Amino acid sequence: MISVQQEDFDVGLEYQKLRLNSQNEGAIVFFSGLVRDMNADGKVQSMLIEHYPGMTEKVLTNIANEAKGRWDLQQLQIIHRVGRLQAADQIVFVATTSKHREDAFKACQFIMDFLKTQAPFWKKEISDEVGQWVEAKSSDQQKLADW
Amino acid sequence: MTKILLFGKLREDVGQSSIEFAGFSQGTVGELRSALVTSDIGDTETFIAGQALVAVNQTIVDDTHPVLPGDEVAIFPPVTGG
């Protein structure tokens with residue numbers, strides 16, 4: 001399941017849904033990403049996340065399908081927030097379930113690595129009402145070579 | 001005439017979320033980039049020639065990919081989600 005939304009999410013609730021829907025799964029792995037309150041230039045008070053509606057869902061679906069093809073997964077969930085967020089707010093949630101932990105771990109990391117470099121989201125950090133677009137990191141791009 | 005969607009810093013620099021670009025009707029993505037660089041759409045030429053990504057019909061493509069009339073074309077900076 002894939003959701004691009006403004007609303008916050010409850011990690012505990014999402015985990016329980018995955019657990020209660022599980023069928024012979026031995027592992028649930030999840031990652032949640034937060035808005036950091038500092039960057040290289042100082043304090044970050046809030047963040048705006050822009051996206052490309054339609055393409056975002058398409059790319060996330062493709063990444064999810066690629067992960068399902070590579071590993072033995074039962075359930076997969078991606079939630080990504082857009083709009084204005086505050087420091088320490090939750091941005092992203094990725095969860096995978098599998099019979100065995102290795103597949104769930106690897107798939108979760110694979111999804112995050114590809115989401116960061118392929119999914120059309122753009123972050124703007126705001127400090128004292130001054131906005132600064134976040135620049136893409138070459139280290140994120142290099143991680144793709146590991147897959 | 002090609003409609004081009006803009007996102008992120010590029011949208012902000014141009015001051016519009018989409019443009020109707022008269023300098024290109026069809027060709028390759030590379031030709032579209034060249035046409036944009038020689039056009040007058042604000043202070044964005046270096047960005048469009050260099051690091052900006054191009055999506056055709058919601059898929060990121062390279063400069064050899066064709067752009068046909070009616071395609072959904074978007075240009076944007078490298079993505080920074082997650």
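How shielded is A:109-122 by partner chains, expressed as the average number of their Cβ atoms within 10 Å of its Cβ atoms? For peptide A:109-122, the averaged partner shielding equals 4.
Here the average projected area of the convex hull drawn through the C-alpha atoms of the protein assembly as shown stands at 13.3 nm². Its alpha carbons give region A:15-118 an Rg and a Dmax of 15.1, 48 Å.
Which distance in Å, rounded to a whole number, links the C-alpha centroids of region B:1-57 and region A:74-108? First find each Cα centre; the distance between them is then 33 Å. Take each residue of peptide A:48-59, count the partner chain Cβ atoms within 10 Å of its Cβ, and average: the result is 4.
Here, chain B yields an orientationally averaged convex hull projection of 4.9 nm² when only Cα atoms define the hull. Within a straight-line Cα-Cα reach of under 30 Å, A:K99 can be paired with the following lysines, leaving aside sequence neighbours fewer than 8 residues apart in one chain: A:K17, A:K58, A:K68, A:K116, A:K143. Lys/Arg Cβ at +1, Asp/Glu Cβ at -1, dipole of chain A taken about the Cα centre: which of A:A145, A:P120, A:V11 is farthest positive-ward? Value computed over the given set: A:A145. For chain A, the relative contact order works out to 32 percent when only alpha carbon pairs closer than 8 Å and six or more residues apart are counted. What the Kirkwood sum gives for region A:70-147 is a hydrodynamic radius of 14.4 Å, with every pair of different alpha carbons counted.
Every read-out reported here was derived from the displayed coordinates using simple, explicitly stated rules and does not represent laboratory data. In this text the structure is predicted, and so the values were computed from the model without any measurement. Reconstructed Cβ throughout: ideal geometry from the backbone, glycine too, with neighbour counts over all protein chains shown.
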